[in-house]
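Novice: If you scroll down you'll find the structure; I have some questions about it.
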Amino acid sequence: MPRPPIPVHHFAQLVALLDLEAAAEQEALRKAALSDTGLRDGITLTKLVLREAEFGLGGRLMLTFTRALRSDRLQSNRLQSGSPVVLNQTGVNRRHPSYRGVVFDRDATSIGVAIEPPDDDLSDDATWRLDLSSDEISRQRQQEALRRAANSAGDRLAEMRTVLLGERPPLFDKERKVDLAPHLNEPQREAVLFALSAKDVAIIHGPPGTGKTTTLVEVIRQAVLRGERVLACAPSNHAVDNLLEKLLAVGEKPVRVGHPARVDPALRDRALDILVQKHVDGRQARKFAKEAYSLFQQADKWTKERPQPGEKAAQRREARILLGEARKFEAIAAERILNEAKIVCGTLTGLTSDRLIGRRFDWAMVDEAGQSTEPATWLPLMRVDKLVLAGDHRQLPATVLSPEAASKGLSISLMERLTDHIGPKVARLLTVQHRMHEAIMGFSNAEFYGGALVAHESVATHRLCDLDGVTASPLTEQPVRYIDTAGASYDEEREPESGSRRNLKEAELAETYARRWLAAGVPASSIGIISPYRAQVRLLQEMLTDVPDLEIDSVDGFQGQEKEAILFTFVRSNPEGEIGFLADTRRTNVAFTRARRALLVIGDSATLSNHPFYQRMIAHFEGIDAYSSVWEEG
């Protein structure tokens, strides 16, 4: 039965929660900068040397940094293409400004950062520090969208607000028969037709491997065939790129908005800024920008002859005029490209680009909607008539750093709220999964999906030993295994600096089994080790530094990924039976559903069994003959 409408002060509450989250994020970055936690967590790089500076990616200045010795490796870090960063000079006496930028490339020995062309020259004799930064502009744009949604009247946004707050039910047209792509299974076909019939909002949900993105791509394709325009978006750049790649594969020509450094290099040809560069007006803009930066450099150079009074200021003035002309030509090129686009792709926060001002679309199609906070999902609603949300609200929501903001609802996605508030009549569940062995799927299926899932025959019985070059043994033949450490003194401890939890003996056991998989011929790149705690992740990374292709990360870091073999270490082992944030059982669902052919779980049943969910988990493992005690291990 539908619940009562959400109160109108809902928007004011979300605005306040974003402020709490911003404060928590800034405090976390401040603490990391004041200690070596940032270095250990891989969000800071120090002692960098600027090697190259050249124009690219839509007129931005592309900076490449290495160590003093070019061949020296950078320390381990989690800065990926698209990460927002702050650059500071650390090896010069005079004070220099900070530069905000975005990572556009990285390898073992170098990292590239794209920045807007600065008004001053960059020092050649400095060393540099690079820190992951917060995205303040994104927060402000979300808050502005929430205020607009709260105050809108007499327009489509106001009508959508009544539906999304539960003041009236969503409406649907009668489903029409259309020629759908032949590769879709029956649940996917039903979901496509259902979404296309929506007059307000529809939800497509399902666990990993059920083809949510494939289904959403077909909804987009059919909408375009009907002559409609689509905003195709997602909360992360990785998810947007995945959507963009699948749209290209079915013959669509989307335009990708957002910073091109955040776009997968293989897909950058569809980035708006790159399309602008190739456009005739964009080429003229690039010429002006190069001339402008050349003038800025000249104005900052010392020469033997004293410059004429006002000469340097005049050079800077002329450079700014040239940059203004460059931006005019870029805007003309962008306008012409977007006028022809049927599909525009971008992250939810990237859709606030000035390039989209005044443009409206028929649909917003949001992939991975369960991983977005609600405020971000309101951003595309400023410019569309209908909404489709695709994702899995049984996986982890967006990461929220502020415990207060999370407890008051910031971690609840719009998708989750609508599914709980309106019920099944707004959603369709995809039930055929193409990732996991049926034994790996079993527990999550029972706990989170009502037993509705079916493993496709192509994956239902696949095992590690079926991979080329992998030796058959009990370790590679058994799809699921739980190793119980109860009674063996595998005690957890706090990492002194961060306070995060770790468990040395569990880490040693995890290392042992990872190396056994490797010895059996399982490629390192096919193995993932997951822990809920960053301290355990750091410990395991130190133990396995000689296997760089073996990925070790937190549950949050692995969401959206899959590996042939997953090893999960719970860490918690204490006399009090405390399990901390493992009480959010979606973490366990995420970890288990990363695995395709093998899932190995290490945990202390005496601690975990204080929670009913984990009691059922251990009983399930016993029921499928996957349970063993650490005392039995050799």
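Novice: Evaluate the distance, in nm, between pseudo-label points positioned 7 Å from the Cα of E186 and of H9 along their respective Cα→Cβ axes.
Specialist: 5.0 nm
Novice: Here's something else I'd like to know. Considering the options T46, Y614, W363, tell which one lies farthest towards the positive end of the dipole of the chain, charges being +1 on Lys and Arg and -1 on Asp and Glu at the Cβ, about the Cα centre.
Specialist: W363
Novice: Sort out for me the Cα centre separation of region 124-201 from region 227-273, rounded to whole Å.
Specialist: Computed from Cα coordinates, the inter-centre distance equals 16 Å.
Novice: Right, another one. Please pull out the direction-averaged projected area of region 494-634, using the convex hull of its alpha-carbon atoms, in nm² to one decimal place. Numbers along the way, then the final one.
Specialist: Working: hull surface 34.1 nm².
Computed as one quarter of the Cα hull surface, the answer is 8.5 nm².
Novice: Report for the chain the percent antiparallel among DSSP-assigned beta bridges with both residues inside it, nearest 5. Before the final figure, lay out each step's value.
Specialist: Details: 33 of 82 bridges.
Counting only bridges with both partners in the chain, antiparallel ones make up about 40 percent.
Novice: Within 10 Å, count the other beta carbons around each residue, average over each peptide in 515-525, 344-354, and list them highest first.
Specialist: Values: 515-525: 16.5, 344-354: 23.1.
Put in order of decreasing packing, that is 344-354, 515-525.
Novice: Right, here's the next one. Quote the Stokes-Einstein diffusion coefficient, in whole µm² s⁻¹, for region 322-407, based on the Kirkwood radius over alpha carbon pairs, a temperature of 4 °C and a viscosity of 1.567 mPa s.
Specialist: In µm²/s, the coefficient rounds to 86.
Novice: Over region 467-520, one equal point on each Cα, no solvent: what is log10 I(q)/I(0) by the Debye formula at q = 0.14, 0.18, 0.20, 0.29 Å⁻¹?
Specialist: Taken in order of the listed q values, log10 I(q)/I(0) reads -0.53, -0.74, -0.83, -1.17.
Novice: Among 477-488, 368-379, 206-217, how do they line up from the highest to the lowest mean number of other beta-carbon atoms within 10 Å?
Specialist: 368-379, 206-217, 477-488
Novice: Provide the per-residue ³J(HN,Hα) series for region 557-564, in order, calculated from phi with Karplus coefficients 6.51, -1.76, 1.60 and θ = phi - 60°, each as a whole number of Hz, with x at glycine and proline positions.
Specialist: x, 8, 4, x, 10, 8, 9, 4
Novice: Per the Cauchy relation, a quarter of the hull surface: what is the mean projected area of the convex hull of the alpha carbons in region 401-531, in nm²? Walk me through the intermediate numbers first.
Specialist: Details: hull surface 48.6 nm².
Here the figure is 12.1 nm², rounded to one decimal.
Novice: What fraction, in whole percent, of alpha-carbon pairs in the chain exceed 33 Å separation? Spell out each step's value before the answer.
Specialist: Numbers: 104003 of 200661 pairs.
Summing the P(r) of the chain above 33 Å gives 52 percent of all pairs.
Novice: Assign unit charges at the C-beta atoms only (+1 for Lys and Arg, -1 for Asp and Glu), then state the dipole size of the chain relative to its Cα centre in Debye, rounded to the nearest 20. Walk me through the numbers on the way to the answer.
Specialist: Details: 83 positive and 89 negative charges, 477 e Å.
Computed charge dipole of the chain: roughly 2300 debye.
Novice: Strictly greater than 15 Å: what percent of every Cα pair in region 457-553 meets that?
Specialist: Details: 3050 of 4656 pairs.
Value for region 457-553: 66 percent of Cα pairs lie more than 15 Å apart.
Novice: In addition: How far is the Cα center of region 391-406 from the Cα center of region 366-390, in Å?
Specialist: 15 Å
Novice: Kindly provide the helix-only [θ] at 222 nm of the chain, computed as the sum of -39,500 (n - 2.57) over DSSP H runs of four or more divided by all residues, to the nearest 500 deg cm²/dmol?
Specialist: -11000 deg cm²/dmol
Novice: Follow-up. Suppose every Lys and Arg Cβ carries +1 and every Asp and Glu Cβ carries -1, with no other charges. What dipole size does region 124-222 come out with about its Cα centre, to the nearest 20 debye?
Specialist: Numbers: 15 positive and 16 negative charges, 102 e Å.
In total the dipole reaches around 480 debye.
Novice: Give me the percent of accessible area attributable to carbon and sulfur for the chain, probe 1.4 angstrom. Display every interim value, and only then the final one.
Specialist: Details: 13640 of 27810 Å².
Within the chain, the accessible surface is 49 percent carbon and sulfur.
Novice: Between L157, I483, Q559, whose Cα lies farthest towards the positive end of the dipole of the chain when Lys and Arg beta carbons carry +1 and Asp and Glu beta carbons carry -1, centred on the Cα centre?
Specialist: Most positive-ward Cα: L157.
Novice: Report, by chain and number, residues whose modeled amide H sits under 5 Å from the one on F104, excluding near sequence neighbours (fewer than 5 apart, same chain).
Specialist: Amide H to amide H, under 5 Å and 5 or more residues apart or across chains, F104 pairs with G82, G112, V113, A114.
Novice: Then there's this: What is the magnitude of the charge dipole of region 510-634 about its Cα centre, with +1 placed on the Cβ of each Lys and Arg, -1 on the Cβ of each Asp and Glu, and no other charges, expressed in debye to the nearest 20?
Specialist: Working: 12 positive and 17 negative charges, 59 e Å.
With only Lys, Arg, Asp and Glu charged at Cβ, the dipole is about 280 debye.
The values are calculated or read from the model by the stated rules, or taken from the named source; none is laboratory data. Computed from a prediction, not measured in an experiment: that's the story for all the values here. Here Cβ is always computed from backbone atoms with ideal geometry, including for glycine, and neighbour counts include all displayed protein chains. The area values use the complete protein model at the heavy-atom level, side chains included, leaving out ligands, DNA and RNA. Shrake-Rupley method; radii C 1.70, N 1.55, O 1.52, S 1.80 Å.
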